[in-house]
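Remarks on the structure that follows.
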Amino acid sequence: MRKISVLLIAGTALSLAGCASVFGGGNKGSRLDEFAVARNAPLVIPPDYTLVPPAPGTVSTTAQDAQSQAIQALFGGPAPRSAGEMSVLDRAGTDRVALGARSVAGDPNTTVVDKGAVTQTIIAAPESDSQVATAQPQ
């Protein structure tokens with residue numbers, strides 16, 4: 001019983017010692033002073049007044065210049081093609097391709113080859129996670 005009372009008194013003393021340092025009984029130099037606040041320097045307008053507002057109705061070229069500069073910084077400009085890539089492009093017939101082929105792909109006058117019902121079945125087949133691919137006509 002005596003050991004319990006000694007431990008209880010020691011615990012109470014330690015608790016009160018901790019409270020003394022928090023509530024002002026401890027060292028005053030180690031605490032922060034909330035009233036010692038320094039003021040920030042006032043904002044100053046930079047002395048550079050060479051910017052001129054754009055005239056109404058004119059197109060700004062700075063946005064395009066910024067975009068081209070960003071692309072140049074990111075990608076470094078066009079890279080030379082390797083011999084293998086040039087060979088593949090020559091075999092694919094890049095010199096015979098029609099410019100703007102994407103814009104005429106949906107044109108009603110574009111000739112479309114019908115590949116038949118099997119192709120339509122494959123295209124309309126539902127997705128599957130299976131390793132075995134099957135296509136059955138409906």
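The values are calculated or read from the model by the stated rules, or taken from the named source; none is laboratory data. Since the structure is predicted, the reported quantities are computational estimates derived from the model, not experimental observations. Note that each Cβ is placed from the backbone with ideal geometry, even for glycine, and that neighbours are counted across all protein chains shown.
Worth a mention:
- Note on the range 110-122: residues that are surrounded by fewer than 10 Cβ atoms within 10 Å (Cβ to Cβ) and at pLDDT below 80 total 5.
- Residue selection: Pro78 fails the criterion of being farther than 30 Å from Val112 by Cβ, assigned to a loop (DSSP other than H, G, I, E, B) and modelled with pLDDT of 80 or more.
- Pairing residues of the range 75-100 that are at negative phi and among the hydrophobic types (A, V, I, L, M, F, W, C) with residues that are in a loop (DSSP other than H, G, I, E, B) and surrounded by 10 or more Cβ atoms within 10 Å (Cβ to Cβ), at Cβ distances under 8 Å and at least 6 apart in sequence or on separate chains, gives Leu89/Arg81.
- Within the range 81-109, the set of residues being in a helix (DSSP H, G or I) and either touching a strand residue (DSSP E or B) at 6+ places or on another chain (Cβ under 7 Å) or at pLDDT 80 or above (or both) comprises Ala83, Gly84, Glu85, Met86, Ser87, Val88, Leu89, Asp90, Arg91, Ala92.
- Of all residues in the range 34-73, those satisfying the criterion of being part of a loop (DSSP other than H, G, I, E, B) and either of a type in the set (Ser, Thr, Tyr) or touching a strand residue (DSSP E or B) at 6+ places or on another chain (Cβ under 8 Å) (or both) are Tyr49, Thr50, Thr58, Ser60, Thr61.
- Residues considered: Lys28, Lys3. Of these, the only one that is modelled with pLDDT of 80 or more and exposed (fewer than 10 other Cβ atoms within 10 Å of the Cβ) is Lys3.
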